[in-house]
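Novice: Just passing along the structure, written as structure tokens.
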Amino acid sequence: MSPAITRDRDAGPLRRAVMGPAEGWTTVGAVGFMILVLAWSIDDAKWVRGIGPLTDFLPAVGFAGAAIGLVGAKVGWGRWTTHLVGVVFAALILPIVAGGILLGDSVVGLNPATISLRYHTSAEVITRVWVDLAIRGLPLTSEYGHYFIAMGALLWAAGQYAAYGVFGHHRPVDVAIVLGLLLLANMSLTRNDQLYLIVLFSLAALVLLMRAHAVEEGSTWLRRRIGDPESVKGIYLRGGSVFIAAAVVGSLVLTFSASSAPLQGAWKEAPRTLAQVSQWLQRYVPLGGASRSAGVVVFGEHSAIIGSWTQDDGTAFVAQLPTSEDEQFRWRIGAYAQFDLNGWSWGDTTEVEREADEALLASSADNAATLLGRREVRAEITPESLASDYVVSPQTIQFVDQPSTVRVTGTGRWFSTVEFEGASKYEVTALVPVVGDVPGGITENRLRVASREYSSDIRRLYLQVPQGALGPRSLAILDEVRARSADNPYDLALTLQNYLRDPSRFRYDTNVQSETQTSCADIQSTVECFARIRAGYCQYYASTMAILLRQAGVPTRLAQGFLPGERSANGTEVVRNVGAHAWVEVYFPYYGWVDFDPTGGGVGRAVVIPSGAPASPTPRPSLGLGTDFQVPDDDDGLSGRSPLPGTPGSTGSGGSSGGPFVVIFVLLAIGGMGLVLIVKQRGPRSMDPGDAWGSVARWSRRFGLAPRPSQTIYEFAGSLGDALPGLRPELSTVASAKVEIAYGGRDLGPARLRGVADAYRRLRIGLLRLVFRRGLRRRGPRRSG
């Protein structure tokens, strides 16, 4: 009998753990080396802020997890007991490690005081992350300490699983596959050359499998009493070593000599899926490091600014325009309203379903059909590698020949993006501004005298500057630009655009990670960091211009899409991934959004607007650019429209007048509009049809429109529709959904539930309006209206 097997069988659990496993220390070494290679791969990628030393603790954590798994397997603990013990130790140790990294050299040693301080630091970080992501709903968090706990937990779990899998379950193949997949996943996401790591991992995995197979064969021969088990193990070990050497040499030769791409077809759709998943992961995984481009451009609800940007030169899409079209267009996919210090998001949006060729922005404040000086442009779009289901169009999209969903934000339903199910080809119709001295056209002189009166919705959405977004460097830029500019929004925007495009002041660079790490460690805002390092790419330039203009009281938003592509004589325009771009849209009342492109380095393409003839002022300005803008508390839709008593244009008081009654009426109107706004804004994003129908019935009962006991759901909806004829579609939506779940037993999808919520909000508002129209007169409790 093998001495090792005899020893492992006769010794007690604790003694077996101390003496060593029957599988041999070579097996232990192979498992440990696989974990070490995985830790090296993650550490080499520098995922946390691009600083490698921050993750140097990962190998030790992986070994600690493996030690728990090995001890648990050898002392006879069950699987769940071992994993529970490992979880407890990880929960105790990882916060200490993370807190120590965050505190740095300020804390040394592991005495009770320093351990307590480390725990406290880690708890504060986790709390701030929770507040940012769960409470405040930010798309990203500026914290990074929680990554140490998350990545440490990953390595701990990998080590614990590997050790228990080999020494407890005796399944080395499963362990090699799981750890190998983790390694390949990390390697696929980083640009760093890690070929040597996969070679080392393969060596360790093959040694592990060879040792496990040799031990298993030796045990089998021992049980059957055939020959010498040690001789059998030696044969397998020698043959396995030759196989490992040949496999490694062969794989290296194949790697460096292969020139074909046999799996290219299978990989074609994978980058699209991986890129879309990566957007969701941005909220929870580090954004630093030498990340690899998936080869496609992805747009989404959140647009993070991560310090580096790279894309391949592949074709994103092909646009077919009329041969007579000579204007170059930016191809817009989305407009972002909310800045979150290190990224942008659409903000709170509402989805509006549209049929094919239906006006997408009807009843929207962004409906370009209501503006003068617009012309129609049609384009047929053929997506190639564009990895998103968002419609691409020149400004401003009006129609698409596919059923689609428009995402809008604010009470004015301002444009965010248009989504659809995807198509191999689709046609868009857009209304683009006419630039020139023609009726309704855009000229510099007309924009200089444009109104500065903005609705409360505009002010709330496009003048917000989050706390911490600006610092002394960025504010100094704004002061310098103000000193060079005339006192109007257009000249301020133009001067700021030209200031940022000046190569003597700013440098275009697609990778500023090292500079942001060294110079902006104490700064959370991308704008302030850009003002300090004076280098970056389009998102840095556009974000800085947008936020500085907002600080000056000029409504702006960030747009993302593509720069113009290469257009041939037949109107075919090829737009490439490298043309993905961000620019600024500035709002001018009566003219809509006007593009500005502050990106330097010869990348951005500024819009050239002719001076035009002298223009007469549009309605008078209501705010100046001499001081920073503060959003007023009023919600009247427009600011500064009513002159104050005693000023020109006001009427003096005297004699008998209806002033008190007018004041009362205005107060009642404001109160009513406020109540309607509260009802509208506080509604849920999605809603159970049963709850919605029950709430409609309760609201109806309060206003004397309660259902009769004999009425069915559809009968009550019909009678209520007689009182609210304009809301029959909403009543039908809620009633049908209620019947489907109550009597049909159906589970409705998210889109239907959101539709129910939207219909429910409009029904509540309609009931309130009905009460005001009836002069608050009470109806009978049984009346159905």
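Novice: For region 114-136, what are the residues that are open to solvent by 70 Å² or more (accessible area, probe 1.4 Å) and of a type in the set (A, V, I, L, M)?
Specialist: LEU117, ILE126, ILE135
Novice: Now a separate question. Under 6 Å between Cβ atoms, at least 6 apart or on separate chains: pull out the pairs that start in region 88-114 with a residue that is closer than 15 Å to GLY145 by Cα and end on any residue that is assigned to a loop (DSSP other than H, G, I, E, B).
Specialist: VAL97/PHE57
Novice: In the set ILE68, ILE101, which member is in contact with a helix residue (DSSP H, G or I) (Cβ under 9 Å, 6 or more places away or on another chain), closer than 30 Å to HIS169 by Cα and surrounded by 19 or more Cβ atoms within 10 Å (Cβ to Cβ)?
Specialist: So the residue among ILE68, ILE101 that is in contact with a helix residue (DSSP H, G or I) (Cβ under 9 Å, 6 or more places away or on another chain), closer than 30 Å to HIS169 by Cα and surrounded by 19 or more Cβ atoms within 10 Å (Cβ to Cβ) is ILE68.
Novice: Further question: For residues in region 548-571 being in contact with a Phe, Trp or Tyr (Cβ under 9 Å, 6 or more places away or on another chain), part of a loop (DSSP other than H, G, I, E, B) and within 26 Å of TYR390 (Cα to Cα), which is modelled with the highest pLDDT?
Specialist: Residue satisfying both the conditions and the ranking: PRO555.
Novice: Further, regarding this structure: Quick one: count up the residues across region 25-47 that are charged (D, E, K, R) and over 17 Å from GLY65 (Cβ atoms).
Specialist: So the answer is 2.
Novice: Could I ask something else about it? Please enumerate the residues belonging to region 554-595 that are among the polar types (S, T, N, Q) and open to solvent by 10 Å² or more (accessible area, probe 1.4 Å).
Specialist: Passing the criteria: GLN560, SER568, ASN570, THR572.
Novice: Just the residues that are among the small types (Gly, Ala, Ser), assigned to a helix (DSSP H, G or I) and more than 23 Å from PRO21 (Cα to Cα), please, taken from region 65-122.
Specialist: Of everything in region 65-122, those that are among the small types (Gly, Ala, Ser), assigned to a helix (DSSP H, G or I) and more than 23 Å from PRO21 (Cα to Cα) turn out to be ALA90, ALA91, ALA98, GLY99, GLY100, GLY104, SER106, ALA113, SER116, SER122.
Novice: Moving to a separate point now. Among the numbered criteria (1) in a helix (DSSP H, G or I); (2) open to solvent by 10 Å² or more (accessible area, probe 1.4 Å); (3) closer than 30 Å to THR396 by Cβ, which single criterion is violated by ALA542?
Specialist: (2) is the only condition that ALA542 fails.
Novice: Report whether or not PRO466 is surrounded by fewer than 17 Cβ atoms within 10 Å (Cβ to Cβ) and under 27 Å from ASP366 (Cβ atoms).
Specialist: When the stated conditions are applied, PRO466 passes them.
Novice: If you don't mind, another one. Starting from residues that are outside any loop (DSSP other than H, G, I, E, B) and hydrophobic (A, V, I, L, M, F, W, C), keep the ones in region 469-486 and report whichever is most open to solvent (accessible area, probe 1.4 Å).
Specialist: Taking the candidates together, the pick is ALA483.
Novice: Could you check region 502-519 and list, in sequence order, the residues that are in a helix (DSSP H, G or I) and surrounded by fewer than 21 Cβ atoms within 10 Å (Cβ to Cβ)?
Specialist: GLN513, SER514, GLU515, GLN517, THR518, SER519
Novice: Within region 419-442, work out how many residues are small (Gly, Ala, Ser) and touching a helix residue (DSSP H, G or I) at 6+ places or on another chain (Cβ under 6 Å).
Specialist: Number satisfying all stated conditions: 0.
Novice: Examine region 348-366 for a residue that is among the hydrophobic types (A, V, I, L, M, F, W, C), touching a Phe, Trp or Tyr at 6+ places or on another chain (Cβ under 6 Å) and modelled with pLDDT under 90, and state whether such a residue exists.
Specialist: yes
Novice: Would you confirm, using the coordinates I've provided, whether GLN551 is open to solvent by 10 Å² or more (accessible area, probe 1.4 Å), under 30 Å from TYR144 (Cβ atoms), touching a residue at least 60 places away in the same chain (Cβ under 8 Å) and under 22 Å from the mean Cα position of the chain (by Cα)?
Specialist: no
Novice: Turning to a different aspect of this structure: Which residue is farthest from TYR336 (Cα to Cα), if the candidates are limited to region 555-600 and must be within 24 Å of the chain's Cα centre (by Cα) and among the hydroxyl-bearing types (Ser, Thr, Tyr)?
Specialist: That would be THR599.
Novice: Hey, which of the strands (runs of 3 or more DSSP E) in region 346-448, taking only ones fully inside, have at least 3 residues that are crowded, with 20+ Cβ neighbours inside 10 Å?
Specialist: Output list reads 374-383, 397-400, 404-409, 414-420, 426-433.
The values are calculated or read from the model by the stated rules, or taken from the named source; none is laboratory data. Everything quoted here is computed from the prediction, not taken from an experiment. Heads up, the Cβs are rebuilt from the backbone with ideal geometry, glycines too, and the neighbour counts pull from every protein chain shown. The accessibility values were calculated without ligands, DNA or RNA, using every heavy atom of the protein model including side chains. Shrake-Rupley method; radii C 1.70, N 1.55, O 1.52, S 1.80 Å.
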